[in-house]
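Working notes for the structure below.
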Amino acid sequence: MQHVLLIILENEAGALSRVIGLFSQRGYNIEKLTVIPTHTKLLSNITIYTSGNLNIIQQIKKQLKKLINVIKVTQIKYSDYIKQEILLIKILIKNEIIKKKITKILNKYNGEIIHIRNNIYIIKFSDTISKIQKIFYKIKKKIKILKYINSAIFEI
Amino acid sequence: MILLSGAEMVIQSLIDLKIQKIFGYPGGAILDIYDAFKTLQCKKIQHILVRHEQAAVHMADGYARATGKIGVVLVTSGPGATNSITGIATAYMDSIPLLIISGQVASNLIGSDAFQECDMIGISRPIVKHSFLIKKTIDIPNILKKSILLATTGRPGPIVIDLPKDILNQKIKKKYYFSKKNDIKKYFYLKKISYTKIKNIIKILIKAKKPIIYAGGGIIHSNSYKELYKLATILNIPVTLTLMSLGAFPGNHPQNLSMIGMHGTYSANMAMHNSDVILAIGTRFDDRTTNNIEKYCPYAKIIHIDIDPTSISKTIHADIHIIGDAKKILKKILKIIYLKKYHIDKKKIKKWWKSINTWKNKKNIILSKSENIIKPQKIIKELYLLTKGKAYIASDVGQHQMFTALYYKFHKPRHWINSGGLGTMGFGLPAALGIKLAFPEHLVICITGDGSIQMNIQELSTAKQYNLPILIINLNNQSLGMVKQWQDLIYNGRHSHSYMKSLPNFIKLSQSYGHIGILLKKKKDIQNTLKKSLEIVKKGSLVFLDVHIDPLEHIYPMQIKNGGMNDMIFCK
Ligand SMILES: Cc1ncc(C[n+]2csc(CCOP(=O)(O)OP(=O)(O)O)c2C)c(N)n1
C-alpha cells in the first residue's frame, strides 16, 4: 500500500541524507520524493511516497520523528490536501489531423505547448493525479509518445 | 570575554562543560587542538594517548558505561576517523553517550580528495545519534554543548563532530562564548505520563497470576535500580535481566532469575514463556532475547515502558505502553501504589513461585568431572567468590562473555561492561582501561579469549604508560570458541578456520609490555593463582593471567534456533 509522508526538515547540510538514509538502511523504498524550501529557507518541506504494510510505516514515522533535524512528520490523508502533478510529453506532430486532435486535448485540459522544433512538440499539463493519468492515456491512444516525465506531487 | 583560537575553544569548552578525560590520537588535521592543550596549559582534562583509535572509542565507552557520564574521543581526519568507526557502532548499538571529535581537512579542500580526507559525517551517519560539521569557529562552544546534551539525554548515543582544520587555526583568535538559549526544544518535548495508564498497569500487575519483570539496559541508563528493586519486592514479582542489565537487580537476590535469551538461564526463559503478564522496562526485545517471535510468550499480556518510541511494538506488540524515562515512570507507579493503598496479596502468586523454584533448582547442566583440566565455568565461579560479586568486569565477545554473564553474579549496576548489541571482539581490554581510569581505587577485571584479546592487545602499552593495574583473565581455549561451538552444532563439527595456530606466548608478551604474566594450567591451582594475581594487582601491577581451559567446552543453556523461549538445549 502506498503512503505519503510530509516532513518538515531543518535545512541543514546533511539533513536530507539522514532522512533518505533512514529508508535505505532499512531496505524501505522511496518511490517519489520532493524537496521544497519554505519561504524562510530555514526549513524544507519534504514529501515522500513509500510503500509497505502499516507496521513498517508506523516504524518509519517514529524513526523520522527521532531525527534531530526533523521538525514534524505527518502522514497525508488524501482528502485533506490539494494535490497537483505536472506532466511533460514530447510528441512528433506529422500532420494536421494529429495536430487537431492534440489541440482538442490541450484545450479541454488546460494544457499548453511549451516548445516546438522541427515538428517535435513538448506539451505540459498540470492537474490532479487521476486527471493526469487520464490525459496521459488519452494521448497515448491517439499518438506515439516519444518521451514523457511527470513530476512528483505537490501538496498544500 | 576572552579571545581564543578555534583549537583552544575546543579544549576550553570541554573544560567548561566539566569533561575530565579525553581519549585520543594525534594527526595532521588536529595538531592545532593538541597544541591548544599546551597553550592553555590545560590541567583539568587528562588526555589519554591510546595505541589505536578503535581502542580510544572503546576506552571512552568503558568509561561512560561505568560512570554514566559522557566519554570523549579525539581523532584525526581520514584513517583516524575511519579507525574509530567500529567503536562508534559499538556504542550506538548499546546506547552509550559518546562525543567523537574528528579532524577534517580545511574547508576549501573538502570534496577534493585531499590528503587524509574522508567523509566522516557520511560514513558515520547510520551509527550516530546525530552529527555536526562545524563551519565557523565561533560556533564551536555551542555545538559542543549541544552535542553533550544530545548524547546524554533521552535514549543516549554517540555524537560525531567534524572539525575542518582551518577553523581551528591557533593563530586566529575569536570571541569565546556560550549562548544562553537552547535551540533544540523540540527534542525535550515529552508527553505527560498518563495517570490512567499507570493505574491500569498496577491493576494488571496485581491481578496477574504469573507476572514477570523483564528489565533491560534502560534501567541502567536511567539509574532506576532502586525503583526497580522496590517495585519487584513490593509485588513479589520475579525479575529477569538482559545481557545489558546484569547488575541492575542484585545477582544473589532470590527474586532474580538472571539473564534471559539465547544463553539465558533455564528458569528465566521458562518463566518468560509461561508468564501471563510481562512488564518490560527499558528493553528493545532484541532478537537474542526473544528467539522466534512467532512463538514468543504465547500467554502473556505485554506492558512496555521505554524512552524510545521506535522500540515500542517494533518486533513484539505491546498491549500497553508508556513512553518516557523509566525512573520517572517507576517512581510514579510506586507513588500511586503507596497512595492508593492497593491490597497486595503476595501469597496469590505462590503457585507461580513454586513452578519457578522447580525450574531454578533443576540441574540441567552437568559439568563433566575432570581431574586436571580447567573448566571455564569453574574459574568464573571462583572469581565471583573471591571478589564477592563486586569487581568491575569488562568482557570481550565469545564463549567467555557468556560464561561470565552466567556464572558471575553481579551485585551492582554498571559493573558488567560488555558489547551486547554489536558484539565487538577487541572491546574488553580498552573498555577495562577506561573503567580503571574512572575508578583508580577499584578492582577492574577484563575477561577475554585468545581471539578477542589479539584484536586490541596493543593497549597493554597504554596500560603501562598510565599505570593501570587491572587483571586480565584470558580464557585460552586455543580457538575461536564461540565460532567452533556453532560449527559443532550447525555444521556437523566441520571446524573451518576457527582455531588458532601459533598463538603468542602471552606470558612473555605481557612481560615485554612491562606487565606481569602468569600461567594457570591446573585445576588445583585455580584458587591460589587467582588470589595471588589479585594481590599483585592490588599492589599496583597489571597481571595477565593466561588460563588454559578445556578447548571442547560449550556454553549452555542455549535456545534452539527458531524455537520459543522455552526451547533449550543443555549439552552437546
Ligand atoms: C570483530 C569481530 N569479528 C568477528 C566476530 C565473530 N565472533 C564472535 S565470537 C568469536 C570467537 C571469539 O573467540 P575468543 O575471543 O577466543 O573467545 P571464545 O569464544 O573462545 O571464548 C568470533 C570470531 C566478532 N564478534 N567480532
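The table below lists the values:
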{"read-out": "Cα centroid of region B:495-570 to Cα centroid of region B:1-23, whole Å", "value": "42"}
{"read-out": "Region A:128-156 versus region B:123-173: alpha-carbon centroid distance in Å", "value": "46"}
{"read-out": "Exercise: per-residue mean of other protein chain Cβ atoms within 10 Å, A:20-28", "value": "1"}
{"read-out": "Rough spin-label spacing in nm, given labels placed 7 Å along Cα→Cβ, for B:Asn200 and A:Lys41", "value": "4.8"}
{"read-out": "Hydrodynamic radius (Kirkwood) for region B:104-253, which is based on Cα pairs only, to one decimal in Å", "value": "19.8"}
{"read-out": "Solvent-accessible surface (1.4 angstrom probe) belonging to B:Tyr34, in square angstrom, nearest 10", "value": "40"}
{"read-out": "Anisotropy class of region B:437-489 from Cα gyration tensor, a/c 1.5 cut", "value": "prolate"}
{"read-out": "Peptides A:126-132, B:129-135, B:427-433 ordered by average Cβ neighbours within 10 Å, highest first", "value": "B:427-433, B:129-135, A:126-132"}
{"read-out": "Cα gyration tensor category, rounded, prolate or oblate, for region B:13-75 with a/c compared to 1.5", "value": "oblate"}
{"read-out": "Zero-based 20 Å bins, Cα pair distances in chain B, whole percents", "value": "21, 50, 27, 2"}
{"read-out": "Among B:Ile322, B:Asn108, B:Gly157 the positive-end extreme of the charge dipole of chain B (Cβ point charges)", "value": "B:Ile322"}
{"read-out": "Pairs of alpha carbons in region B:227-272 whose separation is greater than 12 Å (percent)", "value": "56"}
{"read-out": "Rg ratio (alpha-carbon, reference 2.2 N^0.38 Å) - region B:390-508", "value": "1.10"}
{"read-out": "Sorted largest first, extent of region B:248-369 alpha carbons per principal axis (Å)", "value": "52, 34, 26"}
{"read-out": "A:Glu112-B:Lys171 FRET efficiency (beta carbon distance; Förster radius 60 Å; 0.05 resolution)", "value": "0.50"}
{"read-out": "Per residue value of the accessible surface for region B:151-269 (all protein chains in place, 1.4 Å probe), Å²", "value": "44"}
{"read-out": "Length gained when the stretch B:Phe439-B:Gln527 is fully extended (0.36 nm per residue, less Cα-Cα span)", "value": "29.1 nm"}
{"read-out": "Accessible area (Å², 1.4 Å probe, nearest 10) - B:Met455", "value": "100"}
{"read-out": "For region B:229-265 versus region A:1-74, the gap between their alpha-carbon centres in whole angstrom", "value": "39"}
{"read-out": "Radius, Kirkwood style, for region A:91-156 when every pair of distinct Cα atoms is counted (Å)", "value": "12.5"}
{"read-out": "Cα-centre dipole for chain B with unit charges at Cβ (Lys and Arg positive, Asp and Glu negative), debye to 20", "value": "2960"}
{"read-out": "Debye log10 I(q)/I(0) for region A:11-156, one point scatterer per Cα, at q = 0.17 Å⁻¹", "value": "-0.97"}
{"read-out": "Cross-link pairs beyond the 28 Å C-alpha cut-off, checked among A:Lys66/B:Lys335; B:Lys192/B:Lys436; B:Lys197/B:Lys327; B:Lys21/B:Lys484", "value": "A:Lys66/B:Lys335; B:Lys192/B:Lys436; B:Lys21/B:Lys484"}
{"read-out": "Protection proxy ranking, peptides B:145-154, B:76-85, average beta carbon neighbours within 10 Å, highest first", "value": "B:76-85, B:145-154"}
{"read-out": "Pairs beyond 23 Å (Cα-Cα), from B:Lys209/B:Lys314; A:Lys61/B:Lys561; B:Lys341/B:Lys409; B:Lys388/B:Lys531; A:Lys65/B:Lys226", "value": "B:Lys209/B:Lys314; A:Lys61/B:Lys561; B:Lys341/B:Lys409; A:Lys65/B:Lys226"}
{"read-out": "Segment B:Gln116-B:Leu552, extension gain: residue separation times 0.36 nm, minus the distance between their alpha carbons", "value": "152.4 nm"}
{"read-out": "Alpha-carbon radius of gyration plus Dmax, which is the widest Cα pair, for the protein assembly as shown in Å", "value": "30.0, 104"}
{"read-out": "Listed residue (B:His442, B:Leu489, B:Met272) projecting farthest to the positive dipole end of chain B, Cβ model", "value": "B:Met272"}
{"read-out": "Kirkwood Rh and Cα Rg combined as Rg/Rh, region B:499-564", "value": "1.14"}
{"read-out": "Label-point gap, in nm, between A:Ala152 and B:Lys301 - each point 7 angstrom along Cα→Cβ", "value": "4.4"}
{"read-out": "With every protein chain in place, chain B: carbon and sulfur % of accessible area (1.4 Å)", "value": "55"}
{"read-out": "Total formal charge among the other residues, if their Cβ is under 13 angstrom from that of B:Gln487, Lys/Arg +1 and Asp/Glu -1", "value": "+2"}
{"read-out": "Rg/Rh (Cα only; Kirkwood hydrodynamic radius) as it applies to region B:130-181", "value": "1.01"}
{"read-out": "Principal axis dimensions, region B:387-436 - Cα atoms, whole angstrom, descending", "value": "27, 23, 16"}
{"read-out": "Computed magnitude of the charge dipole of region A:45-114 (debye, nearest 20; Cβ of K, R +1, Cβ of D, E -1)", "value": "80"}
{"read-out": "Added length on full extension, which subtracts the Cα-Cα distance from 0.36 nm per residue, B:Gln20 to B:Lys335", "value": "109.7 nm"}
{"read-out": "B:Cys571 - accessible surface, heavy atoms, 1.4 Å probe, Å² rounded to 10", "value": "90"}
{"read-out": "Solvent-accessible area buried by B and A, counting both chains, probe 1.4 angstrom, square angstrom", "value": "1400"}
{"read-out": "Shielding of B:114-123 by partner chains, average beta-carbon count, 10 Å", "value": "1"}
{"read-out": "Carbon + sulfur, % of accessible area of chain A - ligands and nucleic acids excluded, 1.4 Å", "value": "56"}
{"read-out": "Per-residue average of Cβ from other chains inside 10 Å of A:61-68", "value": "5"}
{"read-out": "Inter-probe distance in nm under a simple model that places probes 7 Å from Cα toward Cβ, at A:Lys32 and B:Ile293", "value": "3.0"}
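The values are calculated or read from the model by the stated rules, or taken from the named source; none is laboratory data. Only a predicted model underlies this, so the values are computations on that prediction, with no experimental measurement involved. Note that we place each Cβ from the backbone using ideal geometry, even for glycine, and neighbour counts take in every protein chain shown. Areas reflect the complete protein model, heavy atoms only, side chains present, ligands, DNA and RNA absent. Shrake-Rupley method; radii C 1.70, N 1.55, O 1.52, S 1.80 Å.
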